[in-house]
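The values are calculated or read from the model by the stated rules, or taken from the named source; none is laboratory data. All values derive from a computational prediction rather than experimental measurement. When we count neighbours, we look across all protein chains shown, and the Cβ atoms used for this are built from the backbone with ideal geometry, even at glycine.
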């Protein structure tokens, strides 16, 4: 993975010093609260319901064991011995005191980490496929370009006071696991149909929030050396023309929607035509320098599915189920990537204790080249595990409560922190996730239902990505009560789709039964091998809507 | 209003006047609507600037740019970053005069403003009273290097790495 050189290291140290001074200037009254707010946000510091929250960047979801141990330490020393992984592959500490933030940032800098641009109206932490570099379906590893964009977008003089936040995601694989179509910019590494050269297909204007939109193609093929100039052109058009009169209409998706993708493309291309890509892009030697950090580790030549591994699977049904459910095919024979679920039944999705972080760090060192990935589904991944070590790994994880075999299943629920923590939330998310996981806890039942993504947001801002859940749940407040709006048929993958609302909002206690009714329609009507979301596409929303509304008996019906 | 450049606070040589009253003043800033009449009566050596909104497009601003000595871009609020882009576009279009940011910027934006091509910042006095000259100048010294190429600031990290690779000073 990427390692800081002297310049990166100096930069994060300078940033810590800068923020420390900004806190002092705020305390002395030189900065007003309004002036200080974007500065603290651009350093990841939010004022939440009960305390300050610090959101730490985990660029493109890649962590080393050493870094994860440091996060465990920070959790113990400054929080309540746990942290929360987010849908943007970051980590949040929810019980921070403002006075401690400079010290925490300094501890992060010690391990080449920071909280820069994890919030605020700037280019946010770049996200990528959690299986980058190991996925069998990959054209090219997206991490080098994600790192290049991270550096380019850091403390950008022109783009640090944008109309609104700006999120970029990159994938290099055939299957989109980074939800690139619901980002302000989505980059897909593609091969040119004629020359075979790799470059980028660029999507713009995707996003969730109160106006969910799927991104539109703005460039089919962007040659690699043009990337930073093209991004500069696109950001410049947005910075100049994005709306600033209404924060709910300030994302680039609204600009693209209002002027149309053709006009937007024309403006970006006109700006791009005036730039000299060579003056902006990192030179080839610099790109190669970054790429070297992501060179594959020295894999051993191993047989695929060695006998001991198969014997262990045959002898241990639980282990077998975990491998089948949480394993992910590795491009190298004899290796596997594996998801460590942070969705234990009844737990808060994405939460992990400091002890759990240390366990994962130790196991990553023992079994996965010391590297951990964070997924946008709020789980962890060990990317490089030998199949013949999986059984040992599983036993150690099981002892630590981290071997829940539910990756991608109905209990692998995405949920934002919701009203239990968040100052923006209109309803709680975590208790809904817990109730649903408990309802569908039986492993055989989860297996029978198969892949089904439930995503819960506690407000319209959609941090829990409910719009692209196969089943989405949006918590609202209606006449002083929590009310949950259910959507169906969303998809975050290649066939990006925004879900449709099924009917009137439900009380929290009605949600599990309503989800049961939707699952029952699927089980009754599915064709052999057909996934939930595919059944919804084939059947249409109506049979689900009918079942959903059948037993709702409250005032809105 | 208080004027500030990379050396600190300093007196403002320009005065804001309507076009009809500029005679006898060595340096004046006119409203955009009066720039043509102001240029018609410009005396030899008289410096003329214009106030423009940050919503003016570069296409609209460029024809004026070559006729004036100073362009003052309004920042209605410090969080409105449009002026950074407009300043950058004017510099790219070849404007070589003085580029001024006018409005309640904060010291934490000073290095960004200079990098985008600004020379100076004109602050409301209330802001200048809270934000010391030292705080503004400190912002220019915080980062030893920055990551972006092609902006008007000191050495950037990519060039520094290239020098290091080529055996130059790291």
- Quick one: residue A:272 ticks every box in (1) buried (at least 18 other Cβ atoms within 10 Å of the Cβ); (2) away from chain B (no Cβ under 14 Å) bar one, so which box is it? (2)
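Yes/no matrix, rows are residues, columns are (1) touching a residue at least 60 places away in the same chain (Cβ under 8 Å); (2) in the same structural domain as residue A:219 (by TED's automatic domain parsing):
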| residue | (1), (2) |
| --- | --- |
| A:96 | no, no |
| A:115 | yes, no |
| A:142 | yes, yes |
| A:150 | yes, yes |
| A:163 | yes, yes |
| A:182 | yes, yes |
- Quick one: how many residues across segment B:14-72 are loosely packed, with under 13 Cβ neighbours inside 10 Å and within 20 Å of residue B:4 (Cβ to Cβ)? 0
- Note on the structure: By residue number, the members of segment A:120-143 that are surrounded by 22 or more Cβ atoms within 10 Å (Cβ to Cβ), touching a strand residue (DSSP E or B) at 6+ places or on another chain (Cβ under 8 Å) and away from chain B (no Cβ under 14 Å) are A:124, A:127, A:128, A:129, A:130, A:131, A:132, A:133, A:134, A:135, A:142, A:143
- Item | Evaluation of residue B:87 against (1) facing chain A (nearest Cβ under 7 Å); (2) modelled with pLDDT of 95 or more; (3) touching a strand residue (DSSP E or B) at 6+ places or on another chain (Cβ under 6 Å) (one fails), failing number | (1)
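Table: residues versus (1) more than 14 Å from chain B (Cβ to nearest Cβ); (2) touching a strand residue (DSSP E or B) at 6+ places or on another chain (Cβ under 9 Å); (3) surrounded by 18 or more Cβ atoms within 10 Å (Cβ to Cβ).
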{"residue": "A:278", "(1), (2), (3)": "no, no, no"}
{"residue": "A:305", "(1), (2), (3)": "yes, no, no"}
{"residue": "A:317", "(1), (2), (3)": "yes, no, no"}
{"residue": "A:326", "(1), (2), (3)": "yes, yes, yes"}
{"residue": "A:336", "(1), (2), (3)": "yes, yes, yes"}
{"residue": "A:352", "(1), (2), (3)": "yes, yes, yes"}
{"residue": "A:363", "(1), (2), (3)": "yes, yes, yes"}
- Message: Conditions first: (1) assigned to a loop (DSSP other than H, G, I, E, B); (2) within 12 Å of chain A (Cβ to nearest Cβ). Residue B:45 passes all but one, so which condition is the exception?
- Response: (2)
- Item | Any hit, segment A:509-530, residues being surrounded by 17 or more Cβ atoms within 10 Å (Cβ to Cβ) and closer than 28 Å to residue A:217 by Cβ | no
- Item | Of residues in segment B:64-84 being within 8 Å of another protein chain (Cβ to nearest Cβ) and not in a loop (DSSP other than H, G, I, E, B), the one nearest to the chain's Cα centre (by Cα) | B:84
- Residue that is surrounded by the most Cβ atoms within 10 Å (Cβ to Cβ), among those in segment A:1-21 that are without any contact (Cβ under 8 Å) to a residue 40 or more places away in the chain and outside any loop (DSSP other than H, G, I, E, B): A:7
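Rundown of residues vs (1) under 24 Å from the mean Cα position of the chain (by Cα); (2) in contact (Cβ under 8 Å) with a residue 40 or more places away in the chain; (3) surrounded by fewer than 15 Cβ atoms within 10 Å (Cβ to Cβ); (4) under 25 Å from residue A:155 (Cβ atoms), yes/no style:
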{"residue": "A:218", "(1), (2), (3), (4)": "yes, yes, no, no"}
{"residue": "A:226", "(1), (2), (3), (4)": "no, yes, no, yes"}
{"residue": "A:236", "(1), (2), (3), (4)": "no, yes, no, yes"}
{"residue": "A:243", "(1), (2), (3), (4)": "no, yes, no, yes"}
{"residue": "A:285", "(1), (2), (3), (4)": "no, no, yes, yes"}
- Query: Does residue A:89 satisfy the criteria of being within 24 Å of residue A:126 (Cα to Cα), surrounded by 23 or more Cβ atoms within 10 Å (Cβ to Cβ) and outside the structural domain of residue A:352 (by TED's automatic domain parsing)?
  - Reply: yes
- Hey, any hits in segment A:66-81 for a residue that's surrounded by 24 or more Cβ atoms within 10 Å (Cβ to Cβ), under 30 Å from residue A:327 (Cβ atoms) and modelled with pLDDT under 95? no
- Among the residues of segment A:192-207, is there at least one that is surrounded by fewer than 20 Cβ atoms within 10 Å (Cβ to Cβ), in a strand (DSSP E or B), touching a residue at least 24 places away in the same chain (Cβ under 8 Å) and within 26 Å of the chain's Cα centre (by Cα)? yes
- Only one of (1) within 13 Å of chain B (Cβ to nearest Cβ); (2) over 22 Å from residue A:202 (Cβ atoms); (3) in a loop (DSSP other than H, G, I, E, B) does not apply to residue A:296, and that is (1)
- Query: Among the helices (runs of 4 or more DSSP H) confined wholly to segment A:349-462, which include 3 or more residues that are closer than 30 Å to residue A:302 by Cα and without any contact (Cβ under 8 Å) to a residue 60 or more places away in the chain?
  - Reply: A:354-367, A:390-399
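Yes/no per residue for (1) more than 23 Å from residue A:496 (Cβ to Cβ); (2) in contact with a strand residue (DSSP E or B) (Cβ under 8 Å, 6 or more places away or on another chain); (3) in a helix (DSSP H, G or I); (4) modelled with pLDDT of 95 or more:
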{"site": "A:219", "(1), (2), (3), (4)": "no, yes, no, yes"}
{"site": "A:233", "(1), (2), (3), (4)": "yes, no, yes, yes"}
{"site": "A:238", "(1), (2), (3), (4)": "no, yes, yes, yes"}
{"site": "A:243", "(1), (2), (3), (4)": "yes, no, no, yes"}
- Do we find that residue B:120 is crowded, with 18+ Cβ neighbours inside 10 Å, in contact (Cβ under 8 Å) with a residue 12 or more places away in the chain and away from every other protein chain (no Cβ under 14 Å) in this structure? yes
- Going through (1) surrounded by 23 or more Cβ atoms within 10 Å (Cβ to Cβ); (2) farther than 20 Å from residue A:343 by Cβ; (3) under 24 Å from the mean Cα position of the chain (by Cα) one by one, residue A:502 fails only at (3)
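Matching residues to (1) more than 8 Å from chain A (Cβ to nearest Cβ); (2) surrounded by fewer than 21 Cβ atoms within 10 Å (Cβ to Cβ):
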site	(1), (2)
B:129	yes, yes
B:132	no, yes
B:157	no, no
B:165	no, yes
- Query: Take the residues of segment A:144-166 that are more than 10 Å from every other protein chain (Cβ to nearest Cβ) and more than 17 Å from residue A:286 (Cα to Cα): which is surrounded by the fewest Cβ atoms within 10 Å (Cβ to Cβ)?
  - Reply: A:165
- Query: Taking into account only those residues within segment B:103-117 that are more than 9 Å from chain A (Cβ to nearest Cβ) and assigned to a loop (DSSP other than H, G, I, E, B), which is nearest to residue B:131 (Cα to Cα)?
  - Reply: B:105
- Item | Members of segment A:41-56 found to be in a loop (DSSP other than H, G, I, E, B) and either in contact with a helix residue (DSSP H, G or I) (Cβ under 7 Å, 6 or more places away or on another chain) or at pLDDT 90 or above (or both), listed by number | A:42, A:43, A:44
